[in-house]
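In what follows, a single structure is set out as structure tokens and then discussed.
The values are calculated or read from the model by the stated rules, or taken from the named source; none is laboratory data. Just so you know, these numbers come straight off a predicted model, no measurement behind them. Cβ: placed from backbone, ideal geometry, glycine included. Neighbour counts: every protein chain shown. Please note that ligands, DNA and RNA were not included when accessible areas were found on the heavy atoms of the full protein model with its side chains. Shrake-Rupley method; radii C 1.70, N 1.55, O 1.52, S 1.80 Å.
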Amino acid sequence: MASSSSKIESDGEDEDHEEEVEHFDDFTLASSWERFISDIEAICRQWMADGPKNLLKKNAVQLEPSEDLFRVKSELKDLTKSYSMEFYFHSNNDVKTMNWDSMSHDLQLCFGVKEFLVIAPQSASGVVLDAPEASKLLSAVAIALSNCSSLWPAFVPVHAPSRKAYIGIHNMGTVFTRRFEADHIGSQVPVKLMHLEGLYELFVSKFAYSTLDFSVHLFKVHFTMKLTYRTLPNDEDDNDVQEKDVEDTQDGFSPRGDTRSRTQWDDNCPWSEWYSAEDPIKGFELVAMWSEKMVENSLEMAELENCSPHEAEKWILYPILSPNVNDGSQGNWVGFSSQLCLLVDALDMSFTAQFMEDFVSVENPGSDNLRSSSVIPPPTVIDRVLKELFPEGGLLPKFTDGEHKTSRLIKGAPLQSLFAQFCLHSLWFGNCNIRAIAVLWVEFVREVRWCWEELQSLPRMPVEGSIDLSTCLINQKLQMLAICIEKKRELTEDFQDCIGSNDQLSPKANSIAGEDSSTMHTPTENFYGKRDSSTTTNDLQDIGRKLFDEPESVVLSPDLKPEDHLRRGSAGVAGSMKLLNSFQSMHVPYTQEAPLMTEDMHEERLQAVEAFSESFDFSAQLEKEILSSDMSAFKAANPDAVFEDFVRWHSPRDWENVEKGESSKSSAEDDWPPRGRLSKRMSEQGNMWRNIWNDSPALPASEQKPLLDPNREGEKILHYLETVRPHQLLEQMICTAFRASADTLNQTSYGGLKEMETKMDQLYLTIASVLKSLQVIDLSPGSETFEDLRRLSGVFQHVEKLLTLAASLHRKFLQAPRLSEAIFRDYYNYYLPRMGTSSTSDNVPKEFDKRQQVRARERAVISSMFTHPTANQSWRKVLSMGNLLNGHEPILREIIFSIRDGLTGNHYASHTPGLHQQQEIETYRMYICGTSNDLRVALSVTSCD
């Protein structure tokens with residue numbers, strides 16, 4: 001019995017324990033709506049506890065274009081429906097809500113709030129379509145915020161998404177509550193609401209009796225306005241022009257040759273010779289802001305509608321950029337960069353043939369594939385290009401014009417040279433495919449040969465001076481060919497009349513000069529060091545360069561001795577130097593110009609010297625023709641000279657003087673000949689220099705065979721041009737095309753934009769660095785160099801976009817340079833991460849949205865951009881709104897009306913701690929946004945609950 005009784009007692013205790021547990025864990029008494037409120041409250045409490053700093057560390061998302069507005073999001077459920085609740089907040093609690101801040105959120109602008117909540121269903125529309133559901137949802141949020149003692153306003157989107165309609169509530173404390181409502185009229189706006197007077201009466205009707213005549217009653221309404229104007233596009237066909245350029249280039253026509261009736265914005269820009277660029281600035285938006293003022297009746301609103309935008313307190317300018325420059329993508333961009341990328345592709349294809357003619361020949365096995373994908377322009381286009389490359393007559397251009405200070409680091413041809421112009425034409429010839437380039441090159445070489453055979457000067461090529469070894473090899477060849485043509489012309493009988501003027505020289509001048517100096521020159525670094533006999537690498541590179549200043553030690557003597565009549569080709573006395581045997585004054589001869597050599601000729605000599613670097617005689621053998629010419633001229637000018645005299649003049653360091661003792665005192669005759677000897681290498685048995693001296697006759701330079709044979713060298717050059725390997729040609733074309741394109745852009749006028757100048761400097765250095773590999777390594781198909789060249793084309797495109805924008809801004813703001821510099825600086829900072837040169841590439845803005853405030857003295861410049869619209873440009877025949885700017889009505893009008901009441905005399909407020917009796921609260925606020933075609937109204941009302 002005892003055991004059974006204890007068992008009964010234990011069972012009773014278990015039942016009591018179960019009842020106690022069920023009493024504390026049972027939530028079935030709470031409805032689903034109460035649990036929904038509890039979930040909202042829990043989320044809000046968590047956000048309040050975290051604060052802005054901790055929320056930023058968690059999952060807060062920054063909202064563009066604002067830099068200080070963030071959003072956190074949470075999901076919750078109510079029975080079968082799911083909702084998302086979003087909290088919008090600022091990282092800086094000191095931020096004040098600005099009515100006209102373009103960076104503000106739409107709800108901040110409509111209702112003048114700072115931090116707020118938005119709760120919406122997770123559906124396709126994202127709005128609450130049922131009115132009872134919207135009221136229930138807003139009530140739940142209001143109760144949850146009240147339980148949290150939170151003062152955040154809350155909003156619920158309602159109606160259709162296109163209406164952007166909201167309802168909301170804001171608990172301001174224990175006394176006041178604000179209610180919000182916003183809606184949108186998308187069409188059929190009443191005429192009355194198109195004007196400020198009607199909008200004013202709409203606002204007044206929210207708090208005044210409807211039977212009152214608003215025009216005669218006075219209401220202290222606070223009013224502020226913001227009007228947005230947009231320039232009419234003066235280049236509506238820019239996209240058509242851009243597309244036409246692309247089509248023409250693909251069809252084989254250069255945009256350069258297109259003649260258009262209307263004027264392009266970049267007609268005076270340096271690149272307009274080759275293509276027409278799309279204006280990166282499609283227009284401007286001007287925002288005129290009026291400061292807050294008090295309005296008492298509708299008549300004042302009618303007067304405000306007639307005010308000029310120049311009366312606005314503030315002007316804000318916003319550039320409308322083309323999509324091609326508003327992001328980092330290539331898009332439909334047409335410029336040098338796009339064609340340079342095609343030229344790189346042509347280089348990749350150039351390894352498939354041995355000669356350029358193979359790409360045109362029908363026998364080429366791969367020509368079928370090339371013909372199917374490549375376009376060759378018609379003969380008329382080829383003829384036009386050749387006429388531009390080989391014009392009749394014309395002056396020789398200045399090759400340094402437009403040249404950047406570091407452009408010579410790029411081993412290409414100068415911008416104004418013949419080969420550089422050929423490369424630029426090739427970029428736009430056809431679609432810059434290998435077949436089109438091959439056709440143009442073949443015709444180009446034929447035209448060059450015609451100039452050679454007909455003794456016609458090569459255009460755009462200098463015929464004087466030395467070969468510029470800093471340029472590409474083809475440019476060197478063409479420069480040498482131009483010189484050969486001139487030399488060949490001088491040797492023909494048809495050119496004798498041009499040089500017949502030398503016969504008019506006086507007998508005295510002829511006796512002094514000895515010979516015609518038009519084909520001779522005087523070597524005078526100084527007369528004691530004409531040329532060093534030891535041949536080194538530098539010596540071979542500089543061989544033949546006898547460009548010296550006129551010597552001060554040369555004395556031309558008009559009184560000739562009898563023995564001087566045998567002297568020929570003398571340029572004057574070599575200072576105090578005397579001949580060893582005859583004690584006569586040494587004369588400096590006229591010598592022939594050393595033969596010009598291109599880079600490949602120098603390399604051949606250098607290779608020969610390296611192979612026989614220890615042989616002094618071999619070095620002399622390389623210079624045999626030059627040495628023999630100089631020795632013959634020296635003998636003719638000094639009939640009594642010996643080999644030692646020539647060495648003393650030509651190579652002073654190979655004559656070793658022997659110093660005399662201080663005690664020796666004698667006359668000059670006793671000291672002659674001077675004590676000295678030849679150097680060891682000049683004294684060796686069978687010395688090549690002495691052998692050449694013995695074999696050289698005494699002939700002045702005018703009677704010698706020319707060192708440069710123009711016929712032989714000219715034919716060698718033409719053979720090189722006709723048989724050059726395709727990849728070797730394309731490599732030089734790429735170097736020249738990059739340099740010429742950059743030099744063309746460098747001529748652009750863009751004002752004092754330091755960022756642009758820095759980018760151009762960096763571009764030249766980058767091009768030189770990348771293209772240097774083409775001279776260092778032997779390029780092969782599939783090489784990594786091709787990817788480097790394509791990346792270089794991308795870098796070139798970025799700089800080209802920046803330069804185009806800089807030029808457009810400079811032209812539009814000639815009278816307001818501060819604005820152009822400020823806009824470009826903002827865009828530069830926006831675009832820099834997209835160029836791949838900035839380490840901070842995260843969280844970059846997707847679109848350019850920077851605005852500039854216009855100063856008072858700059859308003860006239862901005863106003864002039866809004867030219868009076870023509871009948872074709874105006875999209876509206878009847879203007880429905882006021883506040884016109886040069887005939888332009890605003891594309892957007894935003895107005896804020898408000899009524900403020902003091903707390904003095906308020907029964908509830910007087911007993912509420914924390915509220916000052918002199919403080920004013922905004923009881924009614926209406927935000928109006930729209931045009932004559934649509935209208936959006938947002939109303940907030942404050943009441944005492």
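Brief remarks follow.
- For the criterion of being in contact with a helix residue (DSSP H, G or I) (Cβ under 9 Å, 6 or more places away or on another chain) and at pLDDT 90 or above, residue 733 passes.
- The number of residues in the stretch 681-720 that are touching a Phe, Trp or Tyr at 6+ places or on another chain (Cβ under 7 Å) and on the phi > 0 side of the Ramachandran plot comes to 0.
- When 332, 268, 297, 324 are checked against the criterion of being touching a residue at least 24 places away in the same chain (Cβ under 8 Å), open to solvent by 60 Å² or more (accessible area, probe 1.4 Å) and not basic (Lys, Arg), a single residue qualifies: 332.
- Residues in the stretch 750-760 that are within 12 Å of the chain's Cα centre (by Cα) and open to solvent by 40 Å² or more (accessible area, probe 1.4 Å): 755, 757, 758.
- Residues that are open to solvent by 20 Å² or more (accessible area, probe 1.4 Å) and among the polar types (S, T, N, Q) were ranked within the stretch 378-432; the one that is farthest from residue 743 (Cα to Cα) is 380.
- Single residue of the stretch 774-800 satisfying the filter (within 22 Å of residue 338 (Cα to Cα) and among the polar types (S, T, N, Q)) that is nearest to the chain's Cα centre (by Cα): 797
- Restricting the first member to the stretch 348-359 and to residues that are within 18 Å of residue 443 (Cα to Cα), and the second to residues that are in a loop (DSSP other than H, G, I, E, B), the beta-carbon pairs closer than 6 Å and six or more apart or on different chains are 358/364; 359/353.
- Looking across the stretch 265-275, just one residue is closer than 17 Å to residue 321 by Cα and not hydrophobic (A, V, I, L, M, F, W, C), and that is 266.
- Within the stretch 71-85, considering residues that are of a type outside the set (Gly, Ala, Ser) and open to solvent by 30 Å² or more (accessible area, probe 1.4 Å), the one modelled with the lowest pLDDT: 79
- If you go through the stretch 468-481 and keep only what is open to solvent by less than 10 Å² (accessible area, probe 1.4 Å) and either outside any helix (DSSP H, G or I) or of a type in the set (Ser, Thr, Tyr) (or both), you end up with 471, 472.
- Considering the conditions (1) in contact (Cβ under 8 Å) with a residue 60 or more places away in the chain; (2) farther than 19 Å from residue 730 by Cα, residue 472 is excluded by exactly one of them, (2).
- Looking across the stretch 817-828 at every residue that is surrounded by 20 or more Cβ atoms within 10 Å (Cβ to Cβ) and in contact with an Asp or Glu (Cβ under 8 Å, 6 or more places away or on another chain), the one that is farthest from residue 748 (Cα to Cα) is identified as 819.
- Only one of 467, 474, 483 that is at pLDDT 95 or above and β-branched (Val, Ile, Thr): 474
- Pair list, Cβ < 6 Å and 6+ apart or interchain, from the stretch 683-694 residues that are in a helix (DSSP H, G or I) to residues that are of a type in the set (Gly, Ala, Ser): 688/620; 689/620; 692/628
- Applying the criterion of at least 3 residues that are touching a strand residue (DSSP E or B) at 6+ places or on another chain (Cβ under 7 Å), modelled with pLDDT of 70 or more and surrounded by 19 or more Cβ atoms within 10 Å (Cβ to Cβ) to the strands (runs of 3 or more DSSP E) found wholly in the stretch 829-945 leaves 892-902, 920-930, 935-944.
- Residues in the stretch 699-720 that are surrounded by 19 or more Cβ atoms within 10 Å (Cβ to Cβ) and more than 30 Å from residue 472 (Cα to Cα): 700, 701, 702, 704.
- From 797, 775, residue being buried (at least 19 other Cβ atoms within 10 Å of the Cβ), modelled with pLDDT under 95 and in a helix (DSSP H, G or I): 797
- Per-region count, the stretch 706-763, residues in a loop (DSSP other than H, G, I, E, B) and either touching a strand residue (DSSP E or B) at 6+ places or on another chain (Cβ under 8 Å) or basic (Lys, Arg) (or both): 1
To keep it simple, each residue is scored yes or no on (1) over 22 Å from residue 269 (Cβ atoms); (2) modelled with pLDDT of 90 or more.
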{"position": "324", "(1), (2)": "no, no"}
{"position": "331", "(1), (2)": "no, no"}
{"position": "339", "(1), (2)": "no, yes"}
{"position": "347", "(1), (2)": "yes, yes"}
{"position": "351", "(1), (2)": "yes, yes"}
{"position": "359", "(1), (2)": "yes, yes"}
{"position": "363", "(1), (2)": "yes, no"}
{"position": "367", "(1), (2)": "yes, no"}
{"position": "372", "(1), (2)": "yes, no"}
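- Any hit, the stretch 241-251, residues being surrounded by 13 or more Cβ atoms within 10 Å (Cβ to Cβ), touching a Lys or Arg at 6+ places or on another chain (Cβ under 9 Å) and at pLDDT 90 or above: no
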